[in-house]
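Inspection log for the structure reproduced underneath, given as structure tokens.
The values are calculated or read from the model by the stated rules, or taken from the named source; none is laboratory data. Just so it is clear, the structure is predicted and the values come from calculations on it, not from any experiment. Reconstructed Cβ throughout: ideal geometry from the backbone, glycine too, with neighbour counts over all protein chains shown. The area values use the complete protein model at the heavy-atom level, side chains included, leaving out ligands, DNA and RNA. Shrake-Rupley method; radii C 1.70, N 1.55, O 1.52, S 1.80 Å.
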Amino acid sequence: MGEAIVVTSGKGGVGKSTTSANIGTALAMSGKRVCLVDTDIGLRNLDVLMGLENRIVFDLVDVVEKKCKIQQALIKDKRCEALYLLPAAQTKDKAAVSSAQLRWLVNELKEQFDYILIDCPAGIEKGFQTAVSGADKAIVVTTPENAAIRDADRVIGLLEKERTGLPKLIVNRLRTQMVKEGGMMDVDEVVNVLAVDLLGVVPDDEEVIRSGNQGEPIVLHNRGLAAKAYRNIARRIQGEVVPLLVLEKEKKLMSRMKRWLGFA
Amino acid sequence: MGKVLKSGVTIKGTKDGLLFLLDDTRPFETIFQELKYKLEKSPGNLWNGPDTHVLIRIGKRQITREEESRLRKLISTHKNLIVHSIEAEGRPYLKDVNSGIQMLAGTVRSGQVLEHRGDLLLLGDVNPGGCVRATGSIFILGALRGLAHAGGEGDDQAIIAASQFRPTQLRIANVVSRPPDEWEEVDSEGMNFAYLINDQIAVDKMHQLPRFRPDLEWKDSRFKG
């Protein structure tokens, strides 16, 4: 039996889909059978980030309306052995899928997969409720900005009442330099306010956007910190204990060099 | 013809006496008048038997002390009726029992509202967008980052205190105040509290509280030992 995890945030544009794509890919790379489900009906983009857009024939709405079999709608990823995507419909809207239908779908998928990652639409309305109703666990993605944190807090409050219980937190797009200058909240502050367990911190990295545009999740090739952070999150989801990344690598190298030269 | 309303007051006889069932979906005043009508206008001899115990069930409603004494007075107009007890479903029947301070734990998150009758001690944070409302005072062992409204029914003696005092807005009784333009930026060190003075909200260090609320002050007894 697999586990269904919903990735949500409340606010839009904080990196839900990017996070889903990367964690899903990382989980698949470590040998798990993974299915990504895009529930952002009408505004789908997980398929773009995965580079699978041109292979969509059937979608989520076709499946729940029983117009096709689940197997027909699942798109196999080109790069990973056991990674599949169930795309959202682009022509319908959120009302096209009900909570009961999604629960049925997720239960069917659990038979075949170890992890089902549900990419949730922004907002807290119908689409959010539908996406959450199918999940066993929840991950809340936020950026270290007041507006995003406020929305994440609201979503956490709503999730508390759901079957998922208290979610885990991913702090996305952290800029260490800005934090040091006092222009951005640091991770401790965010965790303090939201009062939930931290699942991981992903540093801000242009490479994430670049690879997203190419439809290649960054964890596939890149050896940068962001990719590593996503891989660590995937390991933590599987129950491993992985220490948080030290995000100030360059600085460390510099100080090490200084130490070699006898300055510090 | 309008809908036939179910009677708001049902009177049943049990082996222990009479059972008065008061419908909790209608306003107290309506129920009261109906009960009055039933007690006064029923055939006289019905209420003049031997002494009878009366049990009043008020459903999910809670009543005030004043409403309780009106009920008791009304029923005692018939000398043989003795109000034995008043019961509400699953909770105390009185609305404003001042049972000291109530302690609650947890985070009040954005969009959530914690409402409370009486004084409230919250063990946890109030986040931005979250709201705590009490008819008495509010004490927070944690960070107050959202909205706190003390003395919600007009008690201007209520105070708001928090370990970390960073509210987006404060309300005491009918006064609204928002930091930092209305009161000076407070020290985040130590515990602060807000109180009402001259119809304005002021914030001060906790150790100043006895100066403004002398009745609360604790004094060491001089006649010890």
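Counting only residues that are without any contact (Cβ under 8 Å) to a residue 24 or more places away in the chain, open to solvent by less than 50 Å² (accessible area, probe 1.4 Å) and within 20 Å of residue A:228 (Cα to Cα), how many does segment A:184-209 have?
Adding up the residues that qualify gives 1.
Consider only pairs whose beta carbons are under 8 Å apart and that are at least six residues apart or on different chains; among these, list those whose first residue lies in segment A:123-152 and is closer than 20 Å to residue B:145 by Cβ and whose second residue is open to solvent by 20 Å² or more (accessible area, probe 1.4 Å) and of a type in the set (S, T, N, Q).
Hits for this filter: zero, empty list.
Within segment A:65-77, is even one residue open to solvent by 10 Å² or more (accessible area, probe 1.4 Å), touching a Phe, Trp or Tyr at 6+ places or on another chain (Cβ under 8 Å) and more than 26 Å from residue A:216 (Cβ to Cβ)?
Yes: segment A:65-77 contains one or more residues that are open to solvent by 10 Å² or more (accessible area, probe 1.4 Å), touching a Phe, Trp or Tyr at 6+ places or on another chain (Cβ under 8 Å) and more than 26 Å from residue A:216 (Cβ to Cβ).
Looking at segment B:203-218, is at least one residue modelled with pLDDT of 85 or more and either under 19 Å from the mean Cα position of the chain (by Cα) or among the β-branched types (Val, Ile, Thr) (or both)?
Yes, segment B:203-218 contains at least one residue that is modelled with pLDDT of 85 or more and either under 19 Å from the mean Cα position of the chain (by Cα) or among the β-branched types (Val, Ile, Thr) (or both).
Within segment A:44-63, which residues are farther than 15 Å from residue A:214 by Cα and assigned to a helix (DSSP H, G or I)?
Selection gives A:55, A:60, A:61, A:62, A:63.
Looking for whichever is under 23 Å from residue A:33 (Cα atoms), in contact with a helix residue (DSSP H, G or I) (Cβ under 9 Å, 6 or more places away or on another chain) and not in a helix (DSSP H, G or I) here; the options are A:200, A:239. Which one fits?
Numbers: A:239 fails: in contact with a helix residue (DSSP H, G or I) (Cβ under 9 Å, 6 or more places away or on another chain).
Checking each option against the conditions leaves just A:200.
So, in segment B:1-59, of the ones that are open to solvent by 80 Å² or more (accessible area, probe 1.4 Å) and acidic (Asp, Glu), which residue ends up modelled with the highest pLDDT?
Top of the filtered list is B:29.
Could you please give the count of residues in segment A:144-168 that are away from chain B (no Cβ under 12 Å), open to solvent by less than 40 Å² (accessible area, probe 1.4 Å) and over 17 Å from residue A:119 (Cβ atoms)?
Residues that pass the stated criteria total 2.
Which of the numbered conditions does residue A:218 fail, given that it passes all the others? Conditions: (1) open to solvent by less than 20 Å² (accessible area, probe 1.4 Å); (2) touching a strand residue (DSSP E or B) at 6+ places or on another chain (Cβ under 8 Å); (3) aliphatic (A, V, I, L, M).
Status for residue A:218: all satisfied but (2).
Determine, yes or no, whether residue A:180 is assigned to a loop (DSSP other than H, G, I, E, B), more than 14 Å from every other protein chain (Cβ to nearest Cβ) and of a type in the set (Lys, Arg).
Details: assigned to a loop (DSSP other than H, G, I, E, B): no; more than 14 Å from every other protein chain (Cβ to nearest Cβ): yes; of a type in the set (Lys, Arg): yes.
Judged against the criteria, residue A:180 is not a match.
Consider segment A:158-177. How many of its residues are free of Cβ contacts under 8 Å to residues at least 24 places away in the same chain and under 13 Å from the mean Cα position of the chain (by Cα)?
0
Count, please, the residues in segment B:103-153 that happen to be surrounded by fewer than 18 Cβ atoms within 10 Å (Cβ to Cβ), outside any strand (DSSP E or B) and more than 11 Å from chain A (Cβ to nearest Cβ).
Count: 2.
Could you count how many residues in segment A:242-264 are surrounded by 11 or more Cβ atoms within 10 Å (Cβ to Cβ) and either at pLDDT 80 or above or closer than 19 Å to residue A:36 by Cβ (or both)?
Number of matching residues: 3.
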